Amino acid sequence: MSEFRSAVKRYLRRVPLLDRWIRLHLLRHRVRTTAYPNWQAVLESDRTAWREALAAATGGPRVLIATNVGGYSGGVTLESMLAVALTLRGAEVQFLLCDKTLPACLMCEVGLYPQLRHFTAQGPGEDLCEYCFDPAREVYDSLGFRTHRLSDFISTAQRAEASKLAAKTAAAEIATWRRDGLAIGEHAKAGALRFFARADLDDLPHGDAVLRRYFEAALLTTSAVERLLGEQPYAAAVFHHGIYVPQGLTGEVCRRAGVRVVNWNPAYRKRCFIFSHGTTYHHTLMDEPVDTWDAMPWTPEMERQILEYLRSRWDGSQDWIWFHERPQADLTRISAETGVDFSRPTIGLLTNVMWDAQLHYPANAFANMRDWVMQTIAYFARRPELQLLIRVHPAEIRGSLPSRQPIVAEIGREFPVLPANVFIAGPESQVSTYAAMAACNAVIIYGTKTGVELTSMGIPVIVAGEAWIRNKGLTMDARSPEHYFALLDRLPLPARMDAAAVERSRKYAYHFFFRRMIPIEFMAPAKGNPPFKLELTRLDALRPGGSPGLDIVCEGILSGTPFVYPAEASAAATARAGG
């Protein structure tokens with residue numbers, strides 16, 4: 001059924017106006033039905049206790065929950081729940097929402113604007129904004145929280161200045177544009193790339209105009225949050241993701257003002273979320289100290305748990321989202337489809353979605369993923385004794401925002417005829433990434449988290465970009481193009497990873513999937529995007545002691561303690577109980 005739905009979506013995208021109408025119609029339907037939590041039903045039997053909790057929290061540690069983009073119903077769902085839980089722990093919670101005031105934001109995407117000149121002239125449009133601000137405000141108002149509006153903190157003069165700067169700044173200079181140390185241009189560029197679902201804006205019709213809209217929105221967000229923080233002191237600010245516009249700029253301003261930042265994102269495992277201190281998890285997971293997990297006692301029960309979960313990743317049965325219902329794991333069939341001969345030395349290469357989370361990472365050996373792929377293919381053209389199997393990420397076509405810059409097309413432009421020893425499994429292929437990579441001598445990755453899983457299987461991994469497995473002492477991390485090609489010169493490798501390295505890899509995988517991914521049991525799986533909903537009937541589950549995972553999250557927000565769930569304790573209890 002999911003394959004059928006994907007086919008329908010691909011068809012509709014060929015009919016832009018119809019696609020836009022259907023998507024907005026579905027959004028309207030979700031807003032009226034299941035998109036947002038019904039807190040009135042939850043409070044039905046706890047209304048007096050809730051009013052008392054709100055009153056008691058006044059004057060407590062003040063927390064800003066900067067949802068900003070209310071159209072992301074997953075953000076409203078989780079963040080309203082966090083607000084209630086924090087209030088029950090004595091915190092005074094306030095919200096921040098964009099009230100139809102920004103000229104561009106992460107709710108916008110090119111597929112919603114069949115005629116781009118309308119977006120460049122008018123921005124998101126009333127028909128999109130009306131499904132963003134009002135529903136979120138109603139949820140927060142129903143709980144009695146104070147909600148700030150971005151427009152209240154932007155003066156007429158600041159609007160004029162932002163408009164002027166966005167118009168006069170050279171497009172090529174926007175990405176690196178900074179003010180008072182704030183990386184305003186970086187998030188504007190990331191927002192524009194996300195809008196187009198591309199990794200670059202080169203030669204795009206209206207590309208510069210869209211970038212300028214995001215730059216203007218970034219400047220306005222920066223000014224608004226600066227003024228808000230100047231008027232209201234906060235102990236911490238909580239908001240989803242931490243990049244793009246407006247979230248990335250909210251983080252930039254909060255960090256400079258000394259307000260502790262907490263970012264979150266849905267994790268891979270069902271009913272779990274990743275929280276990080278300071279900035280987006282895209283950065284923090286790479287720089288997390290090794291001793292956070294390396295000194296962790298390792299038991300047979302923990303190993304059993306992680307191996308069971310990693311095997312479930314092949315079909316996604318324990319995850320929010322998966323891309324194949326029936327992945328093809330038979331090597332004979334994979335060989336027949338791709339042309340690769342697994343009896344010969346084969347090196348795997350895993351791509352990412354090119355536009356996703358385009359941030360600056362100083363450690364990257366290459367300018368971007370495209371550059372890395374092309375240089376790698378050119379290298380293997382000179383190594384005919386090796387085969388290169390490129391597995392394109394299925395999210396290119398099956399993700400919530402399909403890529404409009406497919407890597408296969410990019411490869412075709414650079415290599416009209418592929419080297420005879422280079423093979424591709426495209427994003428539409430049912431080839432099991434895990435089965436194919438397990439048959440390889442080694443695997444090269446850029447930013448995919450699959451490196452965590454492959455090292456746990458004992459498969460040597462070379463990292464060229466910002467993968468989270470980097471800096472753990474488990475992979476060969478390229479520091480420069482020269483170093484990268486020196487690592488490739490060592491291929492094929494004489495052996496798999498040794499037993500000690502595999503055990504460390506599994507410890508990190510356990511930490512990554514079971515400790516950093518914090519379970520919040522009443523955030524239940526749901527169809528659509530976001531893939532979760534609130535399942536709650538009473539406030540008791542949100543009080544201290546009601547949910548171990550939620551306790552860790554709230555303590556981290558209020559006190560700055562690590563967002564690490566002690567899953568090893570439950571593993572020990574299971575072992576004592578005999579499994």
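The values are calculated or read from the model by the stated rules, or taken from the named source; none is laboratory data. Since the structure is predicted, the reported quantities are computational estimates derived from the model, not experimental observations. Please note: Cβ atoms are built from the backbone with ideal geometry, for glycine as well, and neighbour counts cover all protein chains shown.
Could you go through the range 181-195 and let me know if any residue there is touching a Lys or Arg at 6+ places or on another chain (Cβ under 7 Å), of a type outside the set (Gly, Ala, Ser) and modelled with pLDDT under 95. No, because not a single residue in the range 181-195 is touching a Lys or Arg at 6+ places or on another chain (Cβ under 7 Å), of a type outside the set (Gly, Ala, Ser) and modelled with pLDDT under 95.
Contact annotation: residue pairs with Cβ atoms under 7 Å, 6 or more positions apart or on different chains, pairing a residue in the range 466-484 that is on the phi > 0 side of the Ramachandran plot with a partner that is part of a loop (DSSP other than H, G, I, E, B), are 473/290.
Inside the range 547-561, can you point out the residues that are more than 16 Å from residue 272 (Cα to Cα) and either of a type in the set (Ser, Thr, Tyr) or not in a helix (DSSP H, G or I) (or both)? Listed by number, the residues that qualify are 559, 560, 561. Out of the residues in the range 33-61 that are β-branched (Val, Ile, Thr) and outside any helix (DSSP H, G or I), state the one that is modelled with the lowest pLDDT. Result: 33.
Looking at 142, 151, just one residue is part of a helix (DSSP H, G or I), touching a helix residue (DSSP H, G or I) at 6+ places or on another chain (Cβ under 9 Å) and more than 21 Å from residue 214 (Cβ to Cβ), and that residue is 142. The C-beta contact set for the range 80-108 (first residue free of Cβ contacts under 8 Å to residues at least 40 places away in the same chain, second residue part of a loop (DSSP other than H, G, I, E, B) and among the polar types (S, T, N, Q), distance under 9 angstrom, 6+ apart or interchain) comprises 92/58. Residue count for the range 354-388 under the criterion of being part of a loop (DSSP other than H, G, I, E, B) and at pLDDT 90 or above: the result is 5.
Whenever a residue of the range 270-298 is without any contact (Cβ under 8 Å) to a residue 40 or more places away in the chain, its partners that are assigned to a strand (DSSP E or B) and among the small types (Gly, Ala, Ser), lying with C-beta atoms within less than 8 angstrom and at least six residues away or across chains, give the pairs 284/276.
Of all the residues that make up the range 162-175, how many are surrounded by fewer than 15 Cβ atoms within 10 Å (Cβ to Cβ) and not basic (Lys, Arg)? Within the range 162-175, residues that are surrounded by fewer than 15 Cβ atoms within 10 Å (Cβ to Cβ) and not basic (Lys, Arg) number 4.
Here's the yes/no breakdown for (1) of a type in the set (A, V, I, L, M, F, W, C); (2) modelled with pLDDT of 95 or more; (3) within 22 Å of residue 330 (Cβ to Cβ); (4) not in a helix (DSSP H, G or I):
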{"site": "404", "(1), (2), (3), (4)": "no, no, no, yes"}
{"site": "412", "(1), (2), (3), (4)": "no, yes, no, no"}
{"site": "417", "(1), (2), (3), (4)": "yes, yes, no, yes"}
{"site": "420", "(1), (2), (3), (4)": "yes, yes, no, yes"}
{"site": "423", "(1), (2), (3), (4)": "yes, yes, yes, yes"}
{"site": "428", "(1), (2), (3), (4)": "no, no, yes, yes"}
{"site": "437", "(1), (2), (3), (4)": "yes, yes, yes, no"}
{"site": "444", "(1), (2), (3), (4)": "yes, yes, no, yes"}
{"site": "447", "(1), (2), (3), (4)": "no, no, no, yes"}
